[in-house]
Amino acid sequence: MAAVKIKDYSHGVMLIANNLLSGLSVYLNSDHQWLLLENLAQGKAAVAYSEQEAAELLASINPDDFLCPVVDPYIIQLDGNGKPSHSRELLRATGPSIRYGAQATQGTNDVSI
Amino acid sequence: MYQYNEVDQITVDDRCREFRDQVERRIEGTLSEAEFKPLRLMNGLYLQLHAYMLRVAIPYGVLNSIQLNKLADISDKYDRGYGHFTTRQNIQFNWPTLEEVPDLLEELATVQMHAIQTSGNCIRNITSDPLAGVAADEEVDPRPICEWLRQWSTLHPEFRYLPRKFKFAITGSANDRAAIKVHDIGLRLRKGPNGDPLIDLWLGGGQGRTPKIAQLFKQGLTVEQLLPYLEATLRVYNLHGRRDNKYKARIKILLAETGLEALQAQVQEEYEALDKSPFVNSVAELKALYPHFAQPLVDVAQASEIANVIDEKLSGEEVARWYKQNTRDHKLAGFRSVMISLKPAGGIPGDATSAQMRALAAIAKRFSRDELRVTHRQNLILPWVAEKDLYAVWLALREIDLAESNIDLPSDIIACPGMDYCALATARSIPVAQDISKAIRKTELQHDIGKLAINISGCINACAHHHVADIGVLGLDRAGVENYQITLGGRSDENARVGERMGPGVSADELPATIERVVKFYIKERRDDETFSLTYDRIGKTEFKTAVYGVAE
Ligand code: SF4
């Protein structure tokens, strides 16, 4: 998974990964727990504000430990609102941008050929 | 269709057990992620943006109702109630958990399916003409050879770590519906003497960042020669294909760097030196496969007699349009193949819900000799529908919103999962496909436009075959913003060629209007029934480029 190079630490950076068991995208909170974004209480994300702090944060989760509960952790940059600043990471945080499964075509039947 | 023998079933069951053990060891922490990743990939399990994704092989795109019902059950039990059919005739599940994948694979094995070799640097699922065995224009039914090669390539010990993935496509018709010229090896089967086919081998096609059209590498192979010749070809590739740079590792690059004649000579030399003794029974094995694909015995007179009576019902405007657009001539009198569009208005190209899968399984069982096909354009086919049943099939498909009459029309868009799912993506493909399809449906009667392929890939890997579409769209990332590059004039058929890239990309917002301008320009300029690529050739890139950027308007 390609992490985008961090250019700006002024709004902070956070850690994202996939949960090993579920595969779902999870974020590290300040209590060192990996949570789905919706379970991450406001202001509770573990945020670093410099390259060194970010490296320490990444090291603190022991990513190479066989028992690490997540896979492919990396650092993402935040914007002024505390959201991922890159479109890919925002999409990752919010899930597919389309309705899928049984919801996919709902509300679109007004379009005819 | 082919039914597993004991060896097939044991192979798949063993693999299930082996992978269950590997997953358990990963979860217990005795395998590292670095050790586990190649193992899960060998079993088709990817880690994507939001979750794991499991790619299940559908050999040469053939499915029966039991299998489709199982896929429906799996999508409910282990996923979120849907599956995604891909351009390689596979199906992908987007939300399985690691813990449950071993159970999922065991369930799949009970219906003779698996995810082996759907990833990794090995010979991938062999794809074919989705109308194999039923197309009116077919010279040779490719299914027995497909199955033969499936068996040969499955867990072939020598070819499990090739320099890069390796894709085969096979057709037995002059009208190529399998895009054989954009595969590592494309086989074109022709009628030979004494009933056996002769095989032309096309080599070195491919898409991705260096799109290439395959070259005719060896003409007129006999069935006796085919397996040893393929073995020699793969062996030369395995030895000389580049492993230092994954972008240069496909056989198309080896062909380009070595040159056609030199590579032919190397393969010939390898072929001549090859020990042929392992192949002494292979032709007998091929012949033993033919009965699995025998034509059904039908009472033709009765079928077409009833067809004449029922035909009147097919004259209603909506059903007549569906008949024209979504059914195809058949080898057998009194039958047609029914194409099912997985591109309904506002839908996601290639997606089907579990409810749709179950209904389709029931329709296939009742009306299509229990068989379905997956197409590389991400649609499905009922290959054996008697004309007398067409009206009933149309009604049944309409019930499940799958009677959209847009096969091969501009809204029949190929789109890869793109950044909504795929970890490699540089932009989204699905929402832009939906927007383009809406724009096209609104502004033009697409039935008047006729055949036109719009293919959208979410990155340069080109899974949606954008290089070989009439209108290809490639999603890129320009400083964090999605940007879409247009190529025009590509073809994936027997006259395959790579489209030409227009200028700078356009934004997602501009894209539907851009495509609309190109389509309108084509309609204005074309002569009679001229196809897009012929019009493109006649008018030229400069004029079409003007249409792309709307300068003349
Ligand atoms: S083309 Fe790229 S984005 Fe689309 S499925 Fe393939 S790898 Fe993923």
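The values are calculated or read from the model by the stated rules, or taken from the named source; none is laboratory data. The structure presented is a predicted model; accordingly, all values stated were derived computationally and were not measured. Quick reminder, even Gly has a Cβ in these numbers, built from the backbone with ideal geometry, and neighbours come from all protein chains shown. Keep in mind that these areas ignore ligands, DNA and RNA; they rest on the heavy atoms of the full protein, side chains included. Shrake-Rupley method; radii C 1.70, N 1.55, O 1.52, S 1.80 Å.
Exactly one of (1) open to solvent by 10 Å² or more (accessible area, probe 1.4 Å); (2) more than 9 Å from chain A (Cβ to nearest Cβ) is unmet by B:Ile456. Its number?
Against the list (1) open to solvent by 10 Å² or more (accessible area, probe 1.4 Å); (2) more than 9 Å from chain A (Cβ to nearest Cβ), B:Ile456 comes up short only on (1).
Could you please tell me which pairs satisfy a Cβ distance under 7 Å, a separation of 6+ or placement on different chains, a first residue in segment B:358-374 that is on the phi > 0 side of the Ramachandran plot and of a type outside the set (Phe, Trp, Tyr), and a second residue that is at pLDDT below 95 and assigned to a loop (DSSP other than H, G, I, E, B)?
Once the first residue is on the phi > 0 side of the Ramachandran plot and of a type outside the set (Phe, Trp, Tyr) and sits in segment B:358-374, its partners that are at pLDDT below 95 and assigned to a loop (DSSP other than H, G, I, E, B) give B:Arg369/B:Pro296.
Return only the number of the condition from (1) more than 13 Å from every other protein chain (Cβ to nearest Cβ); (2) over 20 Å from B:Leu395 (Cβ atoms); (3) surrounded by 19 or more Cβ atoms within 10 Å (Cβ to Cβ) that B:Ser354 does not satisfy.
Only one criterion is unmet by B:Ser354, namely (1).
For segment A:48-63, state whether one or more residues are more than 9 Å from chain B (Cβ to nearest Cβ), surrounded by fewer than 14 Cβ atoms within 10 Å (Cβ to Cβ) and touching a Gly at 6+ places or on another chain (Cβ under 8 Å).
Yes: one or more hits.
Testing A:Leu90 on (1) among the aliphatic types (A, V, I, L, M); (2) within 22 Å of B:Val432 (Cβ to Cβ); (3) in contact with a Leu (Cβ under 6 Å, 6 or more places away or on another chain), one condition comes back false. Which one is that?
Unmet condition: (3).
Test B:Thr110 against the stated conditions and say whether it is among the polar types (S, T, N, Q) and out of contact with any strand residue (DSSP E or B) (no Cβ under 7 Å at 6 or more places or on another chain).
Numbers: among the polar types (S, T, N, Q): yes; out of contact with any strand residue (DSSP E or B) (no Cβ under 7 Å at 6 or more places or on another chain): yes.
Yes.
Being at pLDDT below 80 and charged (D, E, K, R) is the filter here, so list the residues in segment B:433-446 that pass it.
Residues of segment B:433-446 at pLDDT below 80: B:442-446.
Hits for segment B:433-446 are B:Lys442, B:Glu444.
Kindly provide the set of residues from segment A:64-82 that are within 13 Å of chain B (Cβ to nearest Cβ) and out of contact with any Lys or Arg (no Cβ under 9 Å at 6 or more places or on another chain), ordered by number.
If the condition is that a residue be within 13 Å of chain B (Cβ to nearest Cβ) and out of contact with any Lys or Arg (no Cβ under 9 Å at 6 or more places or on another chain), then A:Asp64, A:Asp65, A:Leu67, A:Cys68, A:Pro69, A:Val70, A:Asp72, A:Pro73, A:Tyr74, A:Asp79 are the ones that fit.
Taking the criterion of being more than 17 Å from B:Cys122 (Cβ to Cβ) and either of a type in the set (Ser, Thr, Tyr) or in the same structural domain as B:Trp152 (by TED's automatic domain parsing) (or both), would at least one residue in segment B:16-29 satisfy it?
no
So which residues in segment B:164-214 are of a type in the set (Gly, Ala, Ser) and open to solvent by less than 40 Å² (accessible area, probe 1.4 Å)? Let's see the steps before the verdict.
Here is the first cut: in segment B:164-214, the residues of a type in the set (Gly, Ala, Ser) are B:169, B:172-174, B:178-179, B:186, B:192, B:195, B:204-206, B:208, B:214.
Of everything in segment B:164-214, those that are of a type in the set (Gly, Ala, Ser) and open to solvent by less than 40 Å² (accessible area, probe 1.4 Å) turn out to be B:Ala169, B:Gly172, B:Ser173, B:Ala178, B:Ala179, B:Gly186, B:Gly192, B:Gly204, B:Gly205, B:Gly206, B:Gly208, B:Ala214.
Go through (1) modelled with pLDDT of 95 or more; (2) open to solvent by less than 10 Å² (accessible area, probe 1.4 Å) for B:Ile449 and report which single condition fails.
(1)
Looking at segment B:17-66, which of its residues are touching a residue at least 40 places away in the same chain (Cβ under 8 Å), facing another protein chain (nearest Cβ under 9 Å) and open to solvent by 10 Å² or more (accessible area, probe 1.4 Å)?
B:Ile27, B:Leu47, B:Gln48, B:His50 - these are the residues of segment B:17-66 that are touching a residue at least 40 places away in the same chain (Cβ under 8 Å), facing another protein chain (nearest Cβ under 9 Å) and open to solvent by 10 Å² or more (accessible area, probe 1.4 Å).
Kindly indicate which of B:Val481, B:Val473 is β-branched (Val, Ile, Thr) and more than 21 Å from B:Thr210 (Cβ to Cβ). Reasoning before the result, please.
Numbers: B:Val473 fails: more than 21 Å from B:Thr210 (Cβ to Cβ).
Answer to the check: B:Val481.
Just give me the residues in segment B:434-453 being of a type in the set (A, V, I, L, M) and either under 20 Å from B:Val182 (Cβ atoms) or more than 13 Å from chain A (Cβ to nearest Cβ) (or both), in sequence order. First the steps, then the outcome.
Going residue by residue through segment B:434-453, those that are of a type in the set (A, V, I, L, M) are B:436, B:439-440, B:445, B:449, B:452-453.
Within segment B:434-453, B:Leu452, B:Ala453 meet the criteria.
Taking the stated definitions as given, is B:Asp509 open to solvent by 40 Å² or more (accessible area, probe 1.4 Å), free of Cβ contacts under 8 Å to residues at least 12 places away in the same chain and away from the ligand (no atom under 16 Å from the Cβ)?
Spelling it out, B:Asp509 is indeed open to solvent by 40 Å² or more (accessible area, probe 1.4 Å), free of Cβ contacts under 8 Å to residues at least 12 places away in the same chain and away from the ligand (no atom under 16 Å from the Cβ).
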